[in-house]
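The values are calculated or read from the model by the stated rules, or taken from the named source; none is laboratory data. These numbers come from a predicted model, not from an experiment. Glycine also receives a Cβ, built like all others from the backbone with ideal geometry; neighbour counts cover every protein chain displayed.
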Amino acid sequence: MAKTWTELRNQRMASPEAKAAYEAARVAYEFGRRVRERRQELGPSQAELAGATGTSQPAIARLEAGGTEPTLRTITSLARVLGAVWVIGPNGVATGETDAPAPSPKLSA
């Protein structure tokens, strides 16, 4: 008898390795969403953000889609350029407060 998607997912998620991979993917997606929201709030394109952070537009697109786990260097570069604070913890990603001045409309590295 064929299993439903829910049954199959529950069976696979019973594995500790699958749970860990799912959690990593969830946090990467959530971080990417926060980056995309902040970028859109400020107005630059992905290409402009890439230039200001020293990476490529496709790398920013992958990050915003949750398709990559960013390095600490990438996280700090994005935080500096976007004037953002992200708190990444066991429950996911939260937006924190910063005392830093808001970045100018022209992003700078």
TODO: Scan (1) in contact with a Pro (Cβ under 8 Å, 6 or more places away or on another chain); (2) aliphatic (A, V, I, L, M); (3) loosely packed, with under 13 Cβ neighbours inside 10 Å for the single condition residue 81 breaks and write down its number.
DONE: (3)
TODO: Within segment 69-91, work out how many residues are touching a residue at least 12 places away in the same chain (Cβ under 8 Å) and closer than 12 Å to residue 27 by Cβ.
DONE: 5
Task: Failed criterion for residue 42 (all others in (1) touching a helix residue (DSSP H, G or I) at 6+ places or on another chain (Cβ under 7 Å); (2) on the phi > 0 side of the Ramachandran plot hold) - done: (2)
Open item on the list: Can you say whether residue 34 is basic (Lys, Arg) and out of contact with any strand residue (DSSP E or B) (no Cβ under 7 Å at 6 or more places or on another chain), as far as the supplied structure shows?
Closed with: no
TODO: Taking the residues in segment 1-52 that are over 17 Å from the mean Cα position of the chain (by Cα), within 20 Å of residue 69 (Cα to Cα) and not hydrophobic (A, V, I, L, M, F, W, C) as candidates, determine which candidate is modelled with the highest pLDDT.
DONE: 51
